Amino acid sequence: MDSLPKLEQCAQNNDIRSQYNLGARYLNGVEAPKDLEKAFYWTEKAAKQGYTAAESNLGWLYSIGGGVKKDEKKAIEWTQKAIKKGDVIAYSNLGYFYSHGIGVPIDFKKSVEYYQIAANQGVAEAYQNLGMAYLNGKGVSQNTQKALEMMKKAIDGGSQTAIYNLGNIYSSIGKNEEALLLLRKAAELNLVFAQADLAGKLAENAKTEAEKQEAKQWLEKALAQNEPYAYAAAGVLYSEKNNVFPINEKKAYEFYMKAAELGEEQAQTLLALWYWEGRYVPKDEIKAVEWFEHAANNGEIKAARKLVEIYGKGSKNIPKNEARKQYWESKLAVIE
């Protein structure tokens, strides 16, 4: 593998493959610090010159707002360009877009079809996503055993995310020791979801000073990655009773707002509930509904259910609205 300075020199000399590889390193934080602005810069250069894998990665960067303003239309356009050239990662990405309603209507069956195409070509993340589909019964019949099988294939193929999700599956079936081991392994691999969740697990059960310090360290590592999931997790830790982090509603609100503004749907839902209930902030039903709608449009089931309830019953500042109630009922039927 070329050194980072050598790769940068080749990229600056307009070597397309080097531009793609440099962008991929910055995107994934492999052999380079994670830097989404640099990832976008080099990936776009390679993609615009027709480098297929860069087209796929550029679509992904547009979908997450990585180094550029989020643009779901461009995410689909670049992903489909790569698919037309047979890029298997692009098939997996398009499956993800269909499962999350990114640039296309949510369609779990289509998402599974695209994941399967990529998995048939050995794409580890596609196996991981199929595992989640089987676990949650989205686009396929719920099958925990099949979910485990898919996750193990993903891990064998090198998916680090699958280590984290396999731990979640073990936790759901009561294999708590195995779950904790996998969570710790994923956290040590620098996965922000795992680091934030491990901080939460330790905070819940910490008794010794060493355990409390470890929980704080994992949360600090997660927050250092500037990812919305970490901010949302920090909000929970500072708003709900645990053995490590004292209740601090000001801090919790700030973390929720950061995560919500970055599009994290659980934080959007919790922020909406705070506005609805008047917790820490003045009660504001209109703002609450705005955040519930953001969250529901991002696929958050609890938010969609709350909107059905609000529009069905009405409230002091939100009149009953049968059309909006039916709209969210129809959305709920898709995402549940």
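The values are calculated or read from the model by the stated rules, or taken from the named source; none is laboratory data. Keep in mind that what you see is a predicted model, and the values were worked out from it rather than measured. In this analysis, Cβ positions are derived from the backbone assuming ideal geometry, glycine residues included, and neighbour counts consider all displayed protein chains. The area values use the complete protein model at the heavy-atom level, side chains included, leaving out ligands, DNA and RNA. Shrake-Rupley method; radii C 1.70, N 1.55, O 1.52, S 1.80 Å.
Points worth noting:
- For segment 102-114, the candidate set comprises residues that are open to solvent by 70 Å² or more (accessible area, probe 1.4 Å) and part of a helix (DSSP H, G or I); within that set, the residue that is farthest from residue 57 (Cα to Cα) is 109.
- One residue from 255, 245 being touching a Lys or Arg at 6+ places or on another chain (Cβ under 9 Å), buried (at least 21 other Cβ atoms within 10 Å of the Cβ) and either not small (Gly, Ala, Ser) or not in a helix (DSSP H, G or I) (or both): 245
- Lone qualifier among 20, 62, 41, 26 - being crowded, with 17+ Cβ neighbours inside 10 Å, closer than 27 Å to residue 105 by Cβ and not polar (S, T, N, Q): 62
- Filter pass, residue 316 being in a loop (DSSP other than H, G, I, E, B), free of Cβ contacts under 8 Å to residues at least 12 places away in the same chain and either surrounded by fewer than 17 Cβ atoms within 10 Å (Cβ to Cβ) or not small (Gly, Ala, Ser) (or both): no
- The listed residue being in contact with a Pro (Cβ under 6 Å, 6 or more places away or on another chain) and over 23 Å from residue 204 (Cα atoms), out of 307, 262: 262
- Among (1) over 16 Å from the mean Cα position of the chain (by Cα); (2) open to solvent by less than 50 Å² (accessible area, probe 1.4 Å); (3) at pLDDT 95 or above - the single one residue 74 does not satisfy: (2)
- Boolean, residue 307 is modelled with pLDDT under 95 and surrounded by 15 or more Cβ atoms within 10 Å (Cβ to Cβ): no
- Qualifying residue in segment 48-56 (condition: under 24 Å from residue 139 (Cβ atoms), modelled with pLDDT of 95 or more, of a type outside the set (A, V, I, L, M) and out of contact with any Pro (no Cβ under 7 Å at 6 or more places or on another chain)): yes
- Residue, least open to solvent (accessible area, probe 1.4 Å), within segment 78-101, restricted to residues that are farther than 14 Å from residue 121 by Cβ and under 15 Å from the mean Cα position of the chain (by Cα): 97
- In segment 167-182, the residues that are open to solvent by less than 20 Å² (accessible area, probe 1.4 Å) and either in contact (Cβ under 8 Å) with a residue 24 or more places away in the chain or among the charged types (D, E, K, R) (or both): 167, 169
- The residue list 44, 37 contains one member that is over 29 Å from residue 221 (Cβ atoms) and either in a helix (DSSP H, G or I) or under 28 Å from the mean Cα position of the chain (by Cα) (or both), which is 44.
- Answer residue from segment 1-17, given it is in a helix (DSSP H, G or I) and among the charged types (D, E, K, R) and is least open to solvent (accessible area, probe 1.4 Å) among those: 8
- For segment 217-242, a tally of residues being in contact (Cβ under 8 Å) with a residue 24 or more places away in the chain and open to solvent by 70 Å² or more (accessible area, probe 1.4 Å) returns 1.
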